[in-house]
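The structure appears right after this line, and notes come after that.
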Amino acid sequence: MAVRVVVGTQWGDEGKGKYIDMLAEQSDIIVRFSGGNNAGHTIVANGEKYALHLIPSGILHTNKTCIIGNGVVIDPAVLLKEMKGLNERGVTTDHLLISDRAHLIMPYHIGLDELQENFRGNNSIGTTKRGIGPCYADKIERSGIRMCDLIDKDEFIKKVKSNLELKNLIIERVYGGKAYQAEAIIEEYLGYAEKLKKYVTDTTSLLADAIDNGKNILFEGAQANFLDIDFGTYPYVTSSNPIAGGVCTGSGLGPIYINEVYGVLKAYTSRVGAGPFPTEQNNEIGDTIRELGWEYGTTTGRPRRCGWLDTVMIKYAAKINGLTALAINHVDTIGKLKEIKLCVGYKYKGQVIRYFPASLNELAKCEPIYEEFEPWNEDISGVKSFDGLPANAKKYLNRIEELVGVKIGLIGVGKDREHVIVR
Ligand code: GTP
């Protein structure tokens with residue numbers, strides 16, 4: 001039995017997708033445990049591309065069970081659209097299950113997300129405005145509506161009406177927005193309930209049985225350590241726990257059952273949106289990394305901020321997630337630069353520190369301490385073993401392992417799915 005988790009160790013976009021695909025093939029059950037339709041990745045199968053935001057990547061394998069866990073927040077319109085898209089291309093979604101404890105994104109969550117972001121103006125967090133933060137806020141505030149409520153008509157109507165009393169007050173009086181009509185929401189959502197009810201179940205008991213029956217389970221992480229609500233660069237974070245600990249709260253699985261945790265990183269760092277980024281290269285080096293690694297947002301096309309790999313961050317993520325292996329991408333990309341730098345610590349107020357500060361003001365004042373490495377200007381996409389890599393690449397990777405204290409198990413050496421070294 002293997003219970004595996006794949007998480008991002010930086011600010012997301014590390015290329016988790018290809019490892020999730022790879023490990024999904026070896027799993028019986030694939031589970032999403034956090035986030036909403038602000039995440040997801042593209043999977044490639046039989047030469048076709050599928051963009052998934054809520055549905056776990058195992059969906060293309062009809063003999064596997066795919067679970068959307070209780071830690072995920074679900075916009076039913078988005079989920080149904082994604083299911084329809086798959087069905088139209090001949091992919092069944094009959095092996096999908098949705099936790100009855102997962103929370104629903106309601107139209108007023110989306111409306112509030114937009115109103116709040118606009119209100120913050122220059123201090124906006126840069127949310128995707130898809131209602132994810134307000135939905136998690138309601139979950140914590142105990143006014144959320146869950147999947148089990150959606151399929152219980154009377155309870156759903158009661159909750160929508162009662163929630164709207166306060167939401168509409170806030171929307172109208174605080175933000176000057178337009179009130180929502182309960183009837184319209186109820187009609188729309190009961191339509192979704194009809195289509196989704198056959199998928200809604202107690203997925204936690206199913207996972208418990210799977211553990212008892214020795215099944216292989218994969219928990220596919222979305223987002224990353226530094227976007228975590230507790231351990232990320234708060235407040236420039238997401239509203240959930242995408243770290244490995246989120247597997248337990250987001251699916252109902254006890255921590256002792258997890259045997260492998262893969263931490264995905266890039267051989268450099270990228271970040272989208274605002275917030276301090278100690279190793280950022282807001283210069284020609286950053287531009288070169290962006291062009292060589294094609295660091296542009298998948299949906300927005302927005303250029304990503306780029307900089308050197310920061311092992312203070314990865315070491316911190318290694319402990320938080322209990323990483324058992326690293327999966328490092330873009331080893332081909334970084335090898336093309338004229339020089340390579342690796343951040344091995346920070347200097348703060350003249351002192352060397354090796355922890356990742358909670359305070360963003362402190363983080364912004366941290367000066368990275370670098371070690372320099374020679375590049376390996378050659379095509380390594382065909383290399384199939386660690387030993388087959390150029391000496392300079394091995395030196396760089398060995399030093400990362402040494403600093404982080406976790407073995408590198410998977411190495412991305414090119415842009416295609418087969419360009420991976422399994423060590
Ligand atoms: P996450 O946000 O982490 O889930 O990323 P994703 O699922 O969008 O990443 P995916 O694995 O699909 O990778 C995104 C793109 O990055 C791929 O289509 C590749 O073009 C590129 N890529 C990933 N790994 C490598 C690598 O090792 N080398 C190079 N050159 N490109 C890579």
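The values are calculated or read from the model by the stated rules, or taken from the named source; none is laboratory data. Since the structure is predicted, the reported quantities are computational estimates derived from the model, not experimental observations. Please note: Cβ atoms are built from the backbone with ideal geometry, for glycine as well, and neighbour counts cover all protein chains shown. Only protein heavy atoms, including side chains, enter the accessible area calculation; ligands, DNA and RNA are left aside. Shrake-Rupley method; radii C 1.70, N 1.55, O 1.52, S 1.80 Å.
Structure values in brief
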quantity: Total residues in the range 1-54, condition within 12 Å of the ligand (Cβ to nearest atom), within 17 Å of the chain's Cα centre (by Cα), in a strand (DSSP E or B) and among the hydrophobic types (A, V, I, L, M, F, W, C); calculated: 5
quantity: Count of residues meeting criterion [modelled with pLDDT of 95 or more, open to solvent by 60 Å² or more (accessible area, probe 1.4 Å) and within 21 Å of N225 (Cβ to Cβ)] in the range 346-372; calculated: 3
quantity: Filtered residues of the range 154-185 (kept if surrounded by fewer than 17 Cβ atoms within 10 Å (Cβ to Cβ), part of a helix (DSSP H, G or I) and polar (S, T, N, Q)); calculated: S162
quantity: G90, sole failed condition from (1) within 19 Å of the chain's Cα centre (by Cα); (2) small (G, A, S); (3) open to solvent by 30 Å² or more (accessible area, probe 1.4 Å); calculated: (1)
quantity: Test: G388 is within 16 Å of the ligand (Cβ to nearest atom) and not assigned by the TED database to the domain that holds T233; calculated: yes
quantity: K336 open to solvent by 30 Å² or more (accessible area, probe 1.4 Å), within 11 Å of the ligand (Cβ to nearest atom) and over 23 Å from G40 (Cα atoms); calculated: yes
quantity: Lone qualifier among L342, L410 - being outside any helix (DSSP H, G or I), within 16 Å of the ligand (Cβ to nearest atom) and of a type outside the set (F, W, Y); calculated: L410
quantity: Tally, over the range 253-274, of residues that are open to solvent by 20 Å² or more (accessible area, probe 1.4 Å) and either within 19 Å of N225 (Cβ to Cβ) or within 13 Å of the ligand (Cβ to nearest atom) (or both); calculated: 7
quantity: Residue satisfying all of: in the range 211-238; surrounded by fewer than 22 Cβ atoms within 10 Å (Cβ to Cβ) and in a helix (DSSP H, G or I); nearest to the ligand (Cβ to nearest atom) among these; calculated: I211
quantity: Output for the range 93-122, where each listed residue is of a type in the set (K, R) and either within 23 Å of the chain's Cα centre (by Cα) or modelled with pLDDT of 95 or more (or both); calculated: R101
quantity: Enumeration of residues in the range 391-407 that are of a type in the set (A, V, I, L, M, F, W, C) and within 15 Å of the ligand (Cβ to nearest atom); calculated: A393, L397, I400
quantity: Verdict on I380 being within 23 Å of W294 (Cα to Cα), within 16 Å of the ligand (Cβ to nearest atom), modelled with pLDDT of 95 or more and in contact with a Lys or Arg (Cβ under 8 Å, 6 or more places away or on another chain); calculated: no
